[in-house]
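What follows is a short report on a single structure.
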Amino acid sequence: MERQHQLLSKIATNDRHGENSPYFDGWKAYDKNPFHPTDNPDGVIQMGLAENQLSADSIIDWIKKHPKASICNPEGVHMFKDIANFQDYHGLPEFRQAIAKFMGRVRGGRVTFDPDRIVMSGGATGANELIMFCLADPGDAFLVPSPYYPAFYRDLGWRTGVQIVPVDCDSSNNFQITKVALEAAYDKAQQDGINVKGLIITNPSNPLGTTLDRETLKCLLSFINEKNIHIVCDEIYAATIFSSQNFVSISEVIEEVVDCNRDLIHIVYSLSKDMGLPGFRVGIVYSYNDAVVNCGRKMSSFGLVSSQTQYLLASMLSDEEFVEDFLAESSKRLKKRHGIFTKGLEQIGISCLESKAGLFVWMNLRQLLKEQTNDGEMALWRVIVNDVKLNVSPGSSFHCVEPGWFRVCFANMDDETLEVALKRIHAFVGEQNTLSTKTKDMPSKTKCWKKNLRLSFSSRIFEEGIGSPIAMSPHSPLVRARN
C-alpha cells in the first residue's frame, strides 16, 4: 500500500476526504445490508441520507405532460442536434434565466437574481469546491459554525487544501451563532498563524433544520465586513421550509445593510434538496463579486451541468404554475412527515431540536448514553446501526461539541418504511428504559451489561397514529452494546 501511495499524488492519497468518518461508515453498513420490506425486512434502514423523495410524483407528472421538454422524446428530438452540441460554459441562456427566477421565487419574490451571475457546477459539492478555489489558497481557512455538514471536509478542503476552523455552538441557546463565538474562533486562528479568508454558513442549517433570522444575518455581515473576509452562504435547503415563517436569505439582508461590501458575498445553491434532484448534479455559485463570477465560470468547465439537463429544467422551472404548486405541496408534505416522525419520538420521551426546515431532525439521545462522552456516543451509535439496523448520523461526525445528538433523515423513504423505523426505535428505547430500571435494583451487575446483555425485541409495542401493534420478528437482530 505504501509503494502504491508513492506512485500517486498527495492530493489523491491524503486522508482529507473524510470517508473514514462514522457519517460514511453508516452508509457502508446500509450498502452491505439494505432494508427491503419483503426481500430483506431485517436490513438497515437508510436514515443518514438527506434526500427529498416526497414530491417526486409531481415532477414525474409534469414530465409526462411536457414531452417536448426532453430531447429524448419524439416530441422533442428535433432539438437534439442543437442541445447535444451545446458546450458553452456560460450555460444555456434560458437555463440561467429559469434558475435565477426560481431562486427568487423560493425566497418569496422579495429579491431578484441576475442570470449573468449564475455560475454552474456539478452539484453543491462542486459549487462549494469551486468557490474555495476562487477565494482561498492552500493553508487558508474558513470559519464554519458547528455542528456542520461532515462532507465539508471533502467539499471544501480535500483538493483545495483549505482548512476548516470550527466555531463552537451548543444547546444552551439552541446552537445559535454568536458574535462572541465568532470572535473567539477568529482570534484563536490568528494566534495559531492561520489566515482566515472567510465564513461559511448553511441556512437553513444542516444538520439542525433551523434558520437564521434577519438580525443574526446582519450581525454576520457586520463581522465579515469588519474583518474584511468573505461570507459563503450555503442555501441549498431554502425551499424546504415547512413552517409559516419566511426564509430570510442573505440576498435580502444585504439590501438593508449600509456600506456592505458586496464583493465579499457569495451564495451556493442547488436543486438537489429543494427539488429532490441530486442525480441531476445542478449546483450554482451566485456571487456579487464580478471577478469571482469570471474566474468561477472558467473553473466550471470541470463540472458543467449537462446541456440535456439544462434544457429540461429550463422548461420545467419556467412553468410558473408548476413551480408555485410544487413548492407549496412539497412544504406541506415535509411538514406532515416531520410531524409524524417527531410525534412518534415524543411518545417514548425522545425530543428533537425545534426546527422549521430541512429533511431531517436533530435528535437528542443524551439520556441513553452510558457516559456523556464522544466514546459513549459512538457506543450507542454502533448499537443503533449494527443491531437496531438504522443508519443515523452521530453528532460528533458533524463536529458537535455535545455528545448524544444524532441527525436523522425522514424524507428519503415511503410511509411504510418510516413506520418500520419508528417501531424499531420504540422497541429499542423501551428495552433501554426497562434495562435502566432493572439495573437500578441490581447495582452489582450494572458493570457487566455491555458484555452479557441480549435484548430480545420480543415485546409488543403500540404507537398512536403510527400503526397496529406488532411483534418483532424472531429473526430481528439482537441489541447489544459494542466497544
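The values are calculated or read from the model by the stated rules, or taken from the named source; none is laboratory data. These numbers were taken from a predicted model, which means no experiment stands behind them. A quick note on method: Cβ atoms are made from the backbone with ideal geometry, for glycine too, and the neighbour counts reach across all protein chains shown. The protein model used for the area step is the full one, side chains on, heavy atoms only, and it has no ligands, DNA or RNA in it. Shrake-Rupley method; radii C 1.70, N 1.55, O 1.52, S 1.80 Å.
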Practice task
State all residues of segment 306-352 that are outside any helix (DSSP H, G or I), crowded, with 18+ Cβ neighbours inside 10 Å and within 21 Å of the chain's Cα centre (by Cα); if no residue qualifies, say none.
Solution key: Cys352
Problem - Yes/no for Leu182 being aliphatic (A, V, I, L, M) and more than 29 Å from Met275 (Cβ to Cβ) - result: yes
Exercise for the section: State yes or no: is Gly376 free of Cβ contacts under 8 Å to residues at least 60 places away in the same chain and either open to solvent by 10 Å² or more (accessible area, probe 1.4 Å) or not polar (S, T, N, Q) (or both)? Expected result: yes
Handout entry: Sole residue being buried (at least 17 other Cβ atoms within 10 Å of the Cβ) and within 24 Å of Glu19 (Cβ to Cβ), chosen from Gly157, Gly139
Key = Gly157
Exercise for the section: Scan segment 210-246 for residues that are open to solvent by 10 Å² or more (accessible area, probe 1.4 Å), in contact with a helix residue (DSSP H, G or I) (Cβ under 8 Å, 6 or more places away or on another chain) and in a loop (DSSP other than H, G, I, E, B) and jot them down. Expected result: Leu212, Asn228, Ile236, Ile241, Phe242, Ser243
Handout entry: Count - residues of segment 353-385 that are farther than 22 Å from Asn174 by Cα and either part of a strand (DSSP E or B) or aliphatic (A, V, I, L, M) (or both)
Key = 6
Fill in the blank from the handout: Inside segment 258-278, the number of residues satisfying the requirement of being crowded, with 16+ Cβ neighbours inside 10 Å and either β-branched (Val, Ile, Thr) or assigned to a strand (DSSP E or B) (or both) is 6
Handout entry: Residue list for segment 279-295, filter: in a loop (DSSP other than H, G, I, E, B) and more than 22 Å from Lys227 (Cα to Cα)
Key = Arg281
Completion exercise
Reported set for segment 348-372 where residues are of a type outside the set (Phe, Trp, Tyr), at pLDDT 95 or above and either over 22 Å from Pro147 (Cα atoms) or touching a Cys at 6+ places or on another chain (Cβ under 6 Å) (or both) is Leu359, Val361, Met363
Problem - Filtered residues of segment 160-190 (kept if assigned to a loop (DSSP other than H, G, I, E, B) and not aromatic (Phe, Trp, Tyr)) - result: Thr160, Gly161, Val162, Asp168, Cys169, Asp170, Asn174, Gln176, Ile177, Thr178
Practice task
Could you check, for segment 149-159, whether at least one of its residues is under 25 Å from the mean Cα position of the chain (by Cα), part of a helix (DSSP H, G or I), within 30 Å of Glu324 (Cβ to Cβ) and among the small types (Gly, Ala, Ser)?
Solution key: no
Problem - Filtered residues of segment 9-57 (kept if among the small types (Gly, Ala, Ser), at pLDDT 90 or above and either in a loop (DSSP other than H, G, I, E, B) or in contact with an Asp or Glu (Cβ under 8 Å, 6 or more places away or on another chain) (or both)) - result: Gly43, Gly48, Ala50, Ser55
Practice task
Six or more apart or on different chains, Cβ under 7 Å: which pairs go from a residue in segment 307-328 that's under 14 Å from Asp82 (Cβ atoms) to one that's among the charged types (D, E, K, R) and part of a helix (DSSP H, G or I)? Could you list them?
Solution key: Ala314/Glu94
Practice task
Check whether at least one residue in segment 58-73 is within 30 Å of Leu422 (Cα to Cα), among the small types (Gly, Ala, Ser), surrounded by 11 or more Cβ atoms within 10 Å (Cβ to Cβ) and at pLDDT 95 or above, and report yes or no.
Solution key: yes
Exercise for the section: List the number of the failed condition for Lys298; all other conditions in (1) in contact with a strand residue (DSSP E or B) (Cβ under 8 Å, 6 or more places away or on another chain); (2) surrounded by fewer than 20 Cβ atoms within 10 Å (Cβ to Cβ); (3) farther than 26 Å from Lys218 by Cα hold. Expected result: (1)
Handout entry: Any hit, segment 194-208, residues being modelled with pLDDT of 95 or more, open to solvent by 40 Å² or more (accessible area, probe 1.4 Å) and not hydrophobic (A, V, I, L, M, F, W, C)
Key = yes
Problem - Matching residues, segment 98-125, being in a helix (DSSP H, G or I), open to solvent by less than 20 Å² (accessible area, probe 1.4 Å) and touching a Gly at 6+ places or on another chain (Cβ under 9 Å) - result: Ile99, Gly123, Ala124
